[in-house]
Amino acid sequence: RKCVGRRPLVDFKIGERYDGSVVYVKPFGVFIDIGCHSDAFCHVSRVRDGYVENVTEVLGEGERVSARVVEVDRKRKRITVSLQSDGMMEKEARSMEIHKRNEAKRAEKEAEKDTARAEEAKKAGGAGAGAKAGATAGAGAGGTNIGG
């Protein structure tokens with residue numbers, strides 16, 4: 001397939017549906033041509049609303065589908081889609097919101113730990129430097145007495 005007439009990644013909007021056809025069927029999901037430079041990927045967990053044990057029993061190459069864009073990764077030039085009903089979009093949105101909140105909390109805790117470590121290192125570095133200087137001076141004086 002050539003890229004002529006294909007749309008760039010940035011033209012695809014999250015939450016929008018695009019018609020396409022299944023290009024490849026793999027055990028972990030399907031790749032769908034939705035008119036983008038790269039094929040969109042649909043994980044097996046997003047092929048249907050319910051559980052899908054074997055993707056090949058549900059979809060075949062060349063089958064026409066309506067895919068909803070879930071994620072557009074510009075860095076890696078990838079589009080992730082879902083073939084689930086629109087009702088699942090609300091569930092996904094809640095799940096993503098919870099995930100984002102948890103990630104923000106984790107990042108905040110890591111930042112607090114980093115700040116605490118930096119303060120401890122600063123305190124330890126100041127006290128350690130004085131003790132180290134005194135030990136060096138003592139050893140130098142003692143070394144002179146022993147050698148002399």
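The values are calculated or read from the model by the stated rules, or taken from the named source; none is laboratory data. Note that this is a predicted model, so its numbers are computed, not measured. With ideal geometry, Cβ positions are generated from the backbone for all residues, glycine too; neighbour counts draw on all protein chains shown. Note: areas computed on protein heavy atoms with side chains; ligands, DNA, RNA excluded. Shrake-Rupley method; radii C 1.70, N 1.55, O 1.52, S 1.80 Å.
Looking at the range 79-98, which of its residues are part of a strand (DSSP E or B) and under 19 Å from Pro27 (Cβ atoms)?
Correct list: Thr80, Val81, Ser82.
The residues on offer are Val52, Val72, Val10, and the sole one that is among the hydrophobic types (A, V, I, L, M, F, W, C), in contact (Cβ under 8 Å) with a residue 40 or more places away in the chain and either within 24 Å of Lys91 (Cα to Cα) or assigned to a loop (DSSP other than H, G, I, E, B) (or both) is Val72.
Checked against (1) open to solvent by less than 40 Å² (accessible area, probe 1.4 Å); (2) of a type outside the set (S, T, N, Q); (3) at pLDDT below 90; (4) touching a strand residue (DSSP E or B) at 6+ places or on another chain (Cβ under 6 Å), Ile34 passes all but a single condition, namely (3). Going through (1) surrounded by 11 or more Cβ atoms within 10 Å (Cβ to Cβ); (2) without any contact (Cβ under 8 Å) to a residue 40 or more places away in the chain; (3) of a type outside the set (A, V, I, L, M) one by one, Glu63 falls short only on (2). Flag: Ser45 matches the condition of being surrounded by fewer than 13 Cβ atoms within 10 Å (Cβ to Cβ), polar (S, T, N, Q) and under 22 Å from the mean Cα position of the chain (by Cα). The number of residues in the range 1-31 being open to solvent by 70 Å² or more (accessible area, probe 1.4 Å) and under 12 Å from Val70 (Cβ atoms) comes to 4.
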